[in-house]
Amino acid sequence: MKIVVAIGGSILLKEYDCKKFQEYSEILKSLASENEIFVVVGGGKPAREYIGVVRELGAGEAQCDDIGIEVTRINAKLLLSALGDAAYQKVPHNFQEALEYSATGKIIVMGGTEPAHSTDAVSAILAEYIHADKLINLTSVDGMYDKDPNKYEDAKLIKEITASEMIEFISGKDTKAGTYEFFDMTAIQMIKRSSLETVIANGYDSENLIKAINGEEVGTKVISK
Ligand code: UTP
């Protein structure tokens, strides 16, 4: 299978150490023996901090996004260090490059591409571009809830949702640099238009990646209607 795995920066850099990079590099290497693997890495806290500084300097939103993109690419480089020879040691800056580099048969790791979306969108566009069989989005929550789980104790995890329902749900949420909410709109629209099999799951437990790939029940499954 061709699989795109998006890993939030908040997962990889929660503790600012190498553990999650190592953990994921082992899993990705083993998956790569039977699958074609593309990884998109997010910016996490360092991206938000850098964006905060440049915003204070008076930068506009697109310029803030650019800083965020640079940080995602640094995070991608860290994962490349962990993967070593199993990965192509250059971070693609766009989808064409990702496709070109994948001809090496190695794992491809990229960060952001251009302003005005998050790496969720990058992973969904990439999945469409390379005709991926699956998109697995590993984030810092268990999946999508019917209401904010931080505010409501009775919030319930949604096990399955259509892309159209998700679009409705997310409309009106914030889209400023560094604050793309739970899942960005461009990503869902891509999932919808390319009928992409997608799972959103908690990335703190790296086993969830294997479960999602094996089709076991985990997180939120997005149906592309
Ligand atoms: P992320 O995708 O990491 O955003 O990109 P995030 O929502 O903060 O996600 P987590 O915390 O990693 O899960 C960081 C920032 O970089 C810019 C955006 O400003 C985004 O908020 N960015 C990233 C872009 O403008 N374009 C891209 O293609 C990627």
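The values are calculated or read from the model by the stated rules, or taken from the named source; none is laboratory data. Predicted, not measured: the structure shown is a model, and the values here were computed from it. Ideal geometry is used to build each Cβ from the backbone, glycine not excepted, and the neighbour counts take in all protein chains shown.
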Where GLU153 falls short, out of the listed (1) crowded, with 20+ Cβ neighbours inside 10 Å; (2) at pLDDT below 95:
(1)
Please go through segment 82-124 and pick out each residue that is on the phi > 0 side of the Ramachandran plot and near the ligand (Cβ under 9 Å from one of its atoms).
ALA116
Only one of VAL54, VAL41, VAL4 that is within 19 Å of THR198 (Cα to Cα) and either within 13 Å of the ligand (Cβ to nearest atom) or surrounded by fewer than 16 Cβ atoms within 10 Å (Cβ to Cβ) (or both)
VAL41
Please indicate, with yes or no, whether at least one residue in segment 63-77 is surrounded by fewer than 20 Cβ atoms within 10 Å (Cβ to Cβ), more than 11 Å from the ligand (Cβ to nearest atom) and within 16 Å of GLY112 (Cβ to Cβ).
yes
Would you tally the residues in segment 131-147 being more than 16 Å from the ligand (Cβ to nearest atom) and not in a strand (DSSP E or B)?
5
Output for segment 91-108, where each listed residue is within 19 Å of ILE125 (Cβ to Cβ) and more than 17 Å from the chain's Cα centre (by Cα)
GLN96, GLU97, LEU99, GLU100, TYR101, SER102
Give segment 11-27 a look and list any residue that's assigned to a loop (DSSP other than H, G, I, E, B) and among the aliphatic types (A, V, I, L, M), or say none.
LEU13
Residue by residue through segment 28-64, note down the ones that are part of a helix (DSSP H, G or I), in contact (Cβ under 8 Å) with a residue 40 or more places away in the chain and within 30 Å of ALA212 (Cα to Cα).
LEU28, LYS29, LEU31, ALA32, ALA47, ARG48
Could you tell me which numbered condition SER206 fails, if it satisfies all but one of (1) surrounded by fewer than 17 Cβ atoms within 10 Å (Cβ to Cβ); (2) within 15 Å of the chain's Cα centre (by Cα)?
(1)
